[in-house]
Amino acid sequence: MSLPSGTVTFLFTDIEGSTRLMQELGDRYVQAQMDHHEILRAAFRSGDGRELRTEGDSFFCVFESALDACGAAAAAQRGFATHAWPGDKPIRVRIGLHTGEAPLVGNEYIGLDVHHAARVEAAAHGGQVLLSEATGALVESSLSGDLTLRDLGLHRLKDLARPERLYQLVIDGVPDTFPALRTLDSTPNNLPTQLTSFVGREETVAEAKRLLARTRLLTLVGPGGIGKTRLSLQIGAEVVQTFPDGVYFVALSAVRDPNLMASVIAQSIGIPIAGNRVPLDVVMEHLQGKKLLLVLDNLEQLLPEGAPVVAQLLQAGPDFKVVASSRAALHIYGEQEMAVEPLRLPDLRALPSLAALSQFEAVKLFIERAMAARHDFEVTNENAPAIAGICERVDGLPLAIELAAARVKLFSPQALLSRLESSVSVLGAGSRDLPGRQQTLKGAIAWSYDLLDEPHKLLFSRFSVFARGGGLEQAEVICGPASELGVDVLTGLDELADQSLVRRLPELDEPRLLMLQVIREFAGERLAESGEAEKIKDRHAAEFQALAESAQPHLLGAEQKRWLDRLELDHDNFRAAFDWSVARRDAVRAMCLGAAFWRFWQMRGHLREGRARLDAILAMPEARDHPAERLLALEAAGGVAYWQGDLQAARSFYEECVAIARLGADRRTIANALYNLSFPLLVGHADLVQGLALVQEALALFRELHDETGVARCLWGIGNELHFEKRYPDAMVALDEAIGLFRQLRETFSLAWALHTRALVAIKLQEASVAQRFLSEGLQIFSDAGDFSGIAVLLDDASSVANISGDVERAFKLAGASAALQASSGAELAAIVNVEEGRDWREALTTDEQRRAWAEGQAMTVQQAVAYALAPESAARASA
């Protein structure tokens with residue numbers, strides 16, 4: 001569907017009282033709704049309108065011509081007025097039109113004019129068609145004889161913009177008398193005019209309205225810059241018809257004395273305080289019996305003393321309510337807290353299409369503010385990833401996004417993201433007409449920081465050492481002890497969370513706290529100023545080294561997934577520990593960290609990162625002064641290079657391991673080094689004789705040591721060599737023995753790889769069902785653990801099984817899925833195996849059907865590919 005660009009007219013519709021109608025009509029409502037849809041769509045077609053979106057009972061349509069839009073609206077209302085509705089319960093639809101210039105991003109319109117059209121519709125009543133001033137001016141002198149305009153005067157819409165003139169489209173033969181418009185003017189209020197649109201958060205506003213309907217005090221809690229004030233104003237505007245005695249905004253940011261709260265509230269409502277009367281008594285007297293809403297903005301600096309004032313106000317009457325915004329809850333009886341979350345962000349690892357990307361709240365806000373800052377700003381496929389990256393870098397904070405968008409006058413999104421990677425200070429200041437605390441991110445955060453006492457300031461700065469959050473166990477060790485801080489760590493963090501300076505992540509099994517990135521940067525500056533940065537970063541690196549070393553023995557066993565998930569949770573903390581250890585030239589810690597952590601890189605698809613870090617660590621001059629730790633790091637580097645398919649580098653790393661090991665007397669260390677070195681020789685067919693000799697020497701040492709795990713691994717290695725030499729019966733004997741030992745030892749990682757090799761033997765023998773049984777068990781193990789390296793190789797095994805079974809489409813799909821995972825994870829070992837096995841799927845792509853199957857496999861998620869590989873062939877064909 002081609003969409004018009006330039007100046008267009010937007011039309012929004014909604015059914016009035018749909019919930020009530022649904023209850024009254026019961027099952028008949030379904031047919032009534034279908035009739036409603038058909039009447040609207042027929043009307044849209046009559047005016048060449050393009051239907052953009054349907055949400056429940058609402059329609060969003062666009063027209064090239066404002067006259068055509070008016071004609072379509074009139075046709076719809078005539079259709080509704082003359083239709084025979086079930087149960088004599090007519091559907092009454094409100095329609096709003098606005099004309100403007102909203103840029104297209106993909107197949108979506110972005111900009112203030114879209115919001116404006118929706119607000120015009122929201123002001124109408126069922127059966128009424130409202131036109132904005134822009135649309136009215138275009139059509140006033142050109143309407144057909146059966147349509148006229150009625151000037152309804154100036155009105156403020158619920159977007160809190162300046163008043164504008166609205167018109168009613170009067171349609172011959174259709175009722176044209178309605179109550180007062182559903183605008184802000186229908187109720188006394190002092191809600192301030194806003195110069196920018198309210199973007200996104202429709203679900204948040206809806207939830208706030210639902211909560212407010214059942215409570216008398218709704219407190220919006222969140223850090224500075226998250227948009228609490230704008231959200232509270234929008235909630236007030238949305239519920240204005242519910243409070244006939246008024247909705248009043250009370251700005252408290254400049255008030256420091258709780259005793260002045262009542263005076264400020266009285267002034268905001270317009271209540272005179274005569275003589276020596278107590279302001280609180282006057283306000284209470286005014287509120288009695290009234291259905292009125294107060295929006296109290298920025299209460300945090302008045303707590304805890306200000307909380308009893310609000311509690312006393314709530315005693316004025318059952319119909320009086322309060323919406324409060326604060327960085328901390330009031331903790332009074334009857335309070336309903338609502339945490340204000342950052343705007344929704346896309347997943348940078350799997351960015352959607354341009355049109356879908358623009359629907360994420362954070363991205364939409366950036367685009368709209370960028371267009372306001374620079375009229376010729378465009379969103380393209382080239383800059384869209386950078387825009388998403390900017391929004392992610394500032395954690396979806398509205399203030400930060402608005403400051404970033406203003407910078408498009410100076411920087412492209414790509415250049416801005418590059419600068420943001422090092423610091424958010426590039427964002428500078430915002431609008432000068434905002435309060436000082438809202439003009440810059442630092443101002444917003446400093447406002448909260450200044451309210452803390454010294455122990456909490458110290459804890460706040462220390463917690464900044466955590467990258468993307470931390471658990472309580474690590475926080476106690478790194479940020480404490482209480483004797484240093486002057487406050488218990490857990491209690492103090494809980495209080496920082498109450499002040500919205502850290503966020504609780506309750507959805508996790510273990511309690512965990514997160515500092516938004518922009519807050520963390522501010523806290524990090526305070527840590528540097530304190531002189532404690534080196535001490536706290538050393539503690540942090542030591543604690544995460546200890547965690548990695550605790551996890552290491554479990555990464556090949558039955559608890560593999562649990563420990564990999566645990567390491568994944570703190571991946572960014574491990575990155576920070578690596579960075580700090582290298583920066584401090586602490587080669588011992590860096591090498592020990594790499595040795596303990598490398599299996600995570602291998603299994604969870606971070607091989608390129610692991611290789612880069614280990615190369616840098618081993619290149620440190622200090623790394624050569626500690627042979628024991630260097631041997632461990634060399635083994636890790638050899639493992640990473642091996643899984644990357646860089647067998648020459650793996651051989652080089654492992655040869656140095658053997659040289660260092662032979663200098664010592666520890667037979668287990670020597671055996672392990674020999675076993676590792678054998679693999680790049682065997683898998684790459686570089687020297688099968690030497691490879692076999694190495695693994696047999698290792699086997700002898702492991703047998704002497706009664707090391708069953710080492711014995712089982714060597715048997716697997718021998719099975720690999722025998723497979724490569726095409727001695728399949730002998731290979732099966734060695735592999736079956738290794739598989740049995742791994743089962744006894746519950747060495748699931750090694751078991752899965754032995755199953756892989758056993759499947760290869762069955763494939764060579766054309767035993768498809770046998771091969772499928774082995775690879776299915778191995779693939780399930782890797783899938784359960786989230787081991788991407790293993791999944792990539794066994795998906796390729798599955799493609800070979802499909803090939804020898806004659807299912808070519810399935811073979812190419814699975815091969816495509818394997819290749820995609822290899823590319824994303826860096827696990828190129830499967831490609832080496834393919835060459836050695838004499839198969840190259842890419843070269844085999846000779847038909848359109850094969851290319852299509854390959855592309856479908858490449859598009860699969862890891863979970864989809866695994867499910868497809870594990871499904872019986874008949875079921876897989878049915879689902880394809």
Round to the nearest 10 and report in Å² the accessible area of Lys364, as given by a 1.4 Å probe over the protein chains' heavy atoms.
-> 30 Å²
Intensity falloff of the range 452-535 expressed as log10 I(q)/I(0), Debye formula with alpha-carbon point scatterers, at q = 0.16, 0.23 Å⁻¹ = -0.52, -1.14
Sorting Arg608, Arg45, Arg566 by accessible area (1.4 Å probe), largest first, what list results?
-> Arg45, Arg608, Arg566
Once fully extended, how much extra length lies between Ala42 and Val278, figured as 0.36 nm per residue of separation less the alpha-carbon to alpha-carbon distance?
-> 78.6 nm
Surface accessible to a 1.4 Å probe, Val683 within the full protein complex, Å² = 10 Å²
Farthest toward the dipole's positive end in the chain, which of Leu147, Ala213, Leu3, given Cβ charges of +1 (Lys, Arg) and -1 (Asp, Glu) about the Cα centre?
-> Leu147
Calculated from backbone phi, Karplus (6.51, -1.76, 1.60) coupling profile of the range 119-125 in Hz, x at Gly/Pro | 5, 4, 4, 5, 7, 7, 10
How far apart, in nm, are the 7 Å Cα→Cβ label points at Gln864 and Arg210?
-> 3.1 nm
Hits among aspartates and glutamates - C-alpha to C-alpha of Lys535 under 13 Å, sequence gap 8 or more where chains match | Glu484, Glu543
Share antiparallel - DSSP beta bridges, the chain, percent rounded to 5 | 60 percent
Between Glu51 and Asp151, what is the FRET efficiency for a Förster distance of 45 Å, r being their Cβ-Cβ separation, to the nearest 0.05?
-> 0.90
Out of residues 5 or more away from Asn189 or on other chains, whose amide H comes under 5 Å of its own, with H placed 1.01 Å from N in the peptide plane?
-> Val247
Scan the range 499-606 for GluC sites (Glu not before Pro) in coil per DSSP, keeping those whose Cβ has at most 13 other Cβ atoms within 10 Å, and list them by number.
-> Glu507
Using alpha carbons only, what's the Rg to Rh ratio of the range 728-794 with Rh from Kirkwood?
-> 0.96
Could you rank Asp376, Asp113, Asp297 by how accessible they are, 1.4 Å probe, largest area first?
-> Asp376, Asp113, Asp297
With a 1.4 Å probe and every protein chain left in place, work out the accessible area per residue of the range 37-105 in Å², rounded to a whole number.
-> 40 Å²
Gain in length, Glu341 to Thr193, computed as 0.36 nm per residue apart minus the alpha-carbon separation, to one decimal in nm?
-> 50.9 nm
Added length on full extension, which subtracts the Cα-Cα distance from 0.36 nm per residue, His706 to Asp666 = 13.0 nm
Per DSSP, loop GluC sites (Glu not before Pro) in the range 719-815 with at most 16 further Cβ within 10 Å | Glu725, Glu767
Quickly work out the Arg575-to-Ala558 label distance, labels modelled 7 Å from Cα along the C-beta direction, and quote it in nm with one decimal.
-> 3.5 nm
Using 7 Å Cα-to-Cβ label points, what is the Phe178/Thr491 separation (nm, one decimal)?
-> 5.9 nm
Inter-part distance where the range 120-194 and the range 616-666 are each reduced to a Cα centre, Å = 76 Å
Trypsin sites (Lys or Arg not before Pro) within the range 695-739, DSSP loop, no more than 16 other Cβ atoms inside 10 Å | Lys726, Arg727
Using the beta-carbon distance between Lys764 and Glu473 and R0 = 35 Å, what value does 1/(1 + (r/R0)^6) give for FRET efficiency, to the nearest 0.05?
-> 0.10
Förster-model FRET efficiency, 45 Å R0, Arg851 and Arg162, C-beta, rounded to 0.05 = 0.20
Accessible-area order for Arg216, Arg92, Arg630, largest to smallest, probe 1.4 angstrom, reads Arg92, Arg216, Arg630
Using only Cα atoms, figure out Rg for the range 1-116 and give it as a multiple of 2.2 N^0.38 Å.
-> 1.10
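The values are calculated or read from the model by the stated rules, or taken from the named source; none is laboratory data. Values in this document were obtained by computation on a predicted structure and should not be read as measured data. Glycine gets a Cβ as well: all are built from the backbone with ideal geometry, and neighbour counts include every protein chain shown. Heads up: the accessible areas ignore ligands, DNA and RNA and are worked out on the full protein's heavy atoms, side chains in. Shrake-Rupley method; radii C 1.70, N 1.55, O 1.52, S 1.80 Å.
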